[in-house]
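So the structure is just underneath, and the comments pick up after that.
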Amino acid sequence: MKKIFLIFVCFAFSETILIAQETHVINVSGSTFSPSVLNIQIGDSVQFNSNSSHPVLEVSESTYNSNENTPLSGGFYFSDGVGKISYNVASTHYYVCEIHYALGMKGKIIFSAPTSIKNQNLYNGINLYPNPLNQDKLTIYGFQENDMDIQVKIFDLTGRSRYNTLESTQNNSIIIESATIPSGIYFVQIGYKNTIQNYKLIKIK
């Protein structure tokens with residue numbers, strides 16, 4: 001019974017982290033939103049960290065292009081410049097500073113659906129070594145190219161993040177320092193651009 005339950009937990013958790021969401025922050029630098037253009041996945045969140053001197057107002061594309069501040073019907077509005085948005089459909093959202101719109105203080109957020117992993121050959125042949133892991137270095141090898149910026153995240157069975165790094169592939173591989181990760185069962189999430197894949201890892205040291 002315990003084995004069946006563990007298998008169920010592992011399967012459910014692997015499905016959960018496959019669509020793990022991230023929060024992206026937009027700050028204000030002078031009279032500029034930073035970043036002014038944000039490309040993210042659907043389901044991710046955007047946190048505006050502005051202030052009352054720069055209220056955030058969603059507008060239409062035409063209003064955005066003409067540097068005006070006519071509100072978009074049903075759009076978001078944060079009078080104090082602070083707020084969070086998230087969308088589960090592919091869409092583009094334009095916004096301006098309600099006060100300084102004429103100065104071109106504006107930005108846009110593009111929510112895109114992740115590229116289907118099934119249609120990618122990126123992850124074919126990728127392996128973790130050693131697995132089970134009984135040393136302080138984990139090698140992820142089998143990438144098709146060098147100098148690929150790969151996001152590596154390691155989660156335990158409770159969903160807690162144990163490791164998060166952005167590495168560039170060298171010799172078609174990445175080496176992860178795993179000394180601080182205790183013994184247990186983990187899921188390694190490997191991400192490249194808008195695609196992610198998960199691998200099971202057991203550490204026994």
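Taking 0.36 nm per residue of separation and subtracting the Cα-Cα distance, full extension of the segment from GLU145 to SER183 would add 10.6 nm. Using a cutoff of 8 angstrom between alpha carbon atoms and counting only pairs six or more residues apart, the relative contact order for the range 116-203 works out to 31 percent. Global dimensions of the range 23-112 from alpha-carbon coordinates: Rg and Dmax equal 11.7, 32 Å. Residues whose amide H lies under 5 Å from that of SER178, counting only those 5 or more places away or on a different chain, are LYS137, LEU138; hydrogens are built 1.01 Å from N in the peptide plane. Calculated mean residue ellipticity at 222 nm for the chain: -3000 deg cm²/dmol, from DSSP H runs with n ≥ 4 weighted as -39500 (n - 2.57), summed, divided by the residue count and rounded to 500. Projected over every direction and averaged, the convex hull enclosing the alpha-carbon atoms of the chain yields 14.5 nm². Remark: the ASN172-TYR87 segment gains 27.1 nm on full extension, using 0.36 nm per residue and subtracting the alpha carbon distance.
Note on ILE99/HIS24: beta-carbon distance plugged into 1/(1 + (r/R0)^6) with R0 of 30 Å gives a FRET efficiency of 0.80. The 3J(HN,Hα) values that the Karplus relation (6.51, -1.76, 1.60; θ = phi - 60°) gives for the range 197-205 are, in residue order, 9, 10, 9, 7, 10, 10, 10, 10, 8 Hz. Gly and Pro appear as x. Let me check against my output: what whole-number percent is the relative contact order of the range 23-112, with C-alpha pairs under 8 Å and at least 6 apart? The value is 37 percent.
Just to verify a number: FRET efficiency for LYS137 and ASP80, C-beta to C-beta distance, R0 = 45 Å, to 0.05? Walk me through the numbers before you get to the answer.
Values: r = 48 Å, r/R0 = 1.06.
Working from the Cβ atoms, E equals 0.40.
Dividing the Cα radius of gyration of the range 147-205 by 2.2 N^0.38 Å, with N the residue count, gives 1.12. Normalised by the number of residues in the chain, the average gap of Cα pairs under 8 Å and 6 or more apart makes the relative contact order 17 percent. For the range 87-205, the Kirkwood estimate of hydrodynamic radius, built from reciprocal distances between every pair of different alpha carbons, is 16.6 Å.
Scanning residues 5 or more positions from LEU72 or on other chains, those with amide H under 5 Å from its amide H are GLU58, VAL59, SER60, with H placed 1.01 Å from N in the peptide plane. Backbone geometry of the range 131-140 corresponds, through the Karplus equation with coefficients 6.51, -1.76 and 1.60 at θ = phi - 60°, to 3J(HN,Hα) couplings of 8, x, 8, 10, 8, 9, 10, 10, 9, 10 Hz, x marking Gly and Pro.
The longest stretch of the chain left intact once loop-based GluC sites (Glu not before Pro) with at most 15 other Cβ atoms within 10 Å are removed from consideration, loops following DSSP, is 69-144.
Every number in this text was worked out from the coordinates using simple rules, so none of it is lab data. Note that this is a predicted model, so its numbers are computed, not measured. All Cβ positions, even for glycine, are placed from backbone atoms using ideal geometry, and neighbour counts span all protein chains on display.
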